[in-house]
Structure formats: C-alpha cells, structure tokens
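The structure appears right after this line, and notes come after that.
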Amino acid sequence: MAKPLALVRMLCVLNRIFKLPLPAFFCGLNAEFMYLGTYIVNSVLRSRENESELAFGRCALASLKTEMWARHGLVRFTNGTGMSSDTPAAADPFDSTTPQYRAYFPEGSRDDIEFRLTRILSLSARRWGNHVESRMLALTGQSRSRWQTLFVLSVATPPITTSLLSARLAIQWPPLIRTLNSLEADGLIRRIENPTDKRSRYIEITPAGIEVVEKVQPVLSEIRTSVFAGLSEEDMRLATRVLEAVVVGISNASGADED
C-alpha cells in the first residue's frame, strides 16, 4: 500500500503549491476517484503502525469524506455559530478550510463540542479585546489596561492593595506595576503607605482619574451596544451564565491540579 499512500501525499503537496483548501482540490476529481481515494486511505490506516502516517492518513480520509458528504447533500458547512450555511461566514471559515480536523474530533462527539466551545471562546476574547483596545485608544487615548484599572478602583470599596487589585483584574504583578506607574505619573491614582503593613501600599483613584472613567464609560457602552446589537437580553443572560460556569470549571480544575 506504499504507492497509494505516496499518491495521496503527492496530491497534498500539489494542493499546497496551488494554495487551495484540501476539499477544494478534490472538487476537481470525479466521484469514482473520490471513492477510490477513500478506499485507499482506509486500507492504509488498517496497515500502518507509524503514528505520523496514521495522523496523515486520518486527515486525508476526513477531507475525502467531507467532500463526498457535501456532494451528496449529507453535510453542510456551518458559519461558526452552529447555523447551517452553504457559504461559510468570512469571519470564521473554519469548517470549510479545515475539515480534516474531524480526524481528531468526530462530528457530534463530546470532544468535538468541547473543542468548538473553547475555540470560539478564545477567538471571541481575542477579537473583542483587539476591537475594544483599538476603538478606545482612538476615541479616548486610554489603553485597556489603564481604563480597566481605573474602573476597578472607581467602584471598589477602599482600601485597595496591589495584590487585591491584581486578583480582581486577573493579571500578574509586572504588567500591573507598569500600568500603576503610568497612571500615577499622570496624576490619575496615588499610592499611600499601608499603616498595618509597611511592605504594601494602598492605591486610590484621584479626581482626575474619576474624570477619565466618566469619559471612558459612555464610549465603552456604545462599543458594547454595537457589538451585541444582534443579541437579545435573554441571549446575553444565557451567555453570561455559560461563561460563569466555565470560570467556575476552570477554578475547580485548577484547585484539583494543586491538590
């Protein structure tokens, strides 16, 4: 079966040269070759023991199967939100460009669902952070680390120590200290000695810092409204409950790892 495996590899090399997604390359092949290719790769998988060859074969098999299913109307690509679509959304064309991931995450399995959830969590967090950062800098001149720190200080019950602020912002000390130094230099916060512990200092927001918060919050509200325009209040409540459960799950798993 070495020659058939070499054939599939050759096709994949040609595919990389022409910069096409693997299923798109196979679209130019007739149905008979598609079924033959599936048979070949299946046969190869049954006879290989090398892990790299097995992984390669599974990816090729998943691509062939996905294309055949699509041709027969047995599967439709999704748009990244779980909704069926003949043309995947440009924002996240994951299903159409990487169908071979099915070799590792069988469709409909718990692994597949967990993978999709963690992927969309990471993707949405990155895009939200980048969008807010660029918009806020352009409209207010404040970076995300600065206005988040000021907001927490403006609503927290004093006194606030650096360690407490670090925990509430969920960031480590080095970047937090840099942000605090910058805010203090601009007169937006002040740090005073902790009378009960000379090793730490309290952090207070100044009137100038409050002014920045009052300037930033309406802008941030407009950004949120624009991004979440397509969601109902119930959608947002449900998403919040799910994300809260994820946070609890991470905390529980972290605690178990430390035990």
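Just so it is clear, none of the values below were taken in a lab; they were calculated from the coordinates. Quick caveat: nothing in here was measured; it's all calculated off a predicted structure. Neighbour counts run over all protein chains shown; Cβ positions are idealised from the backbone, glycine included.
The table for this structure:
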{"item": "Extension reserve of the L231-R191 stretch, reckoned as 0.36 nm per residue once the Cα distance is removed", "result": "10.3 nm"}
{"item": "Ranked by how many other beta carbons lie within 10 Å on average, peptides 245-252, 127-134 from highest", "result": "127-134, 245-252"}
{"item": "Net lengthening on full extension, E211/L169 (0.36 nm per residue, minus Cα-Cα)", "result": "13.1 nm"}
{"item": "Cα gyration tensor shape for the range 124-259, rounded if a/c is under 1.5, else prolate or oblate", "result": "oblate"}
{"item": "Packing-based ranking, highest mean first, of 189-201, 228-240 given that Cβ atoms within 10 Å are counted", "result": "189-201, 228-240"}
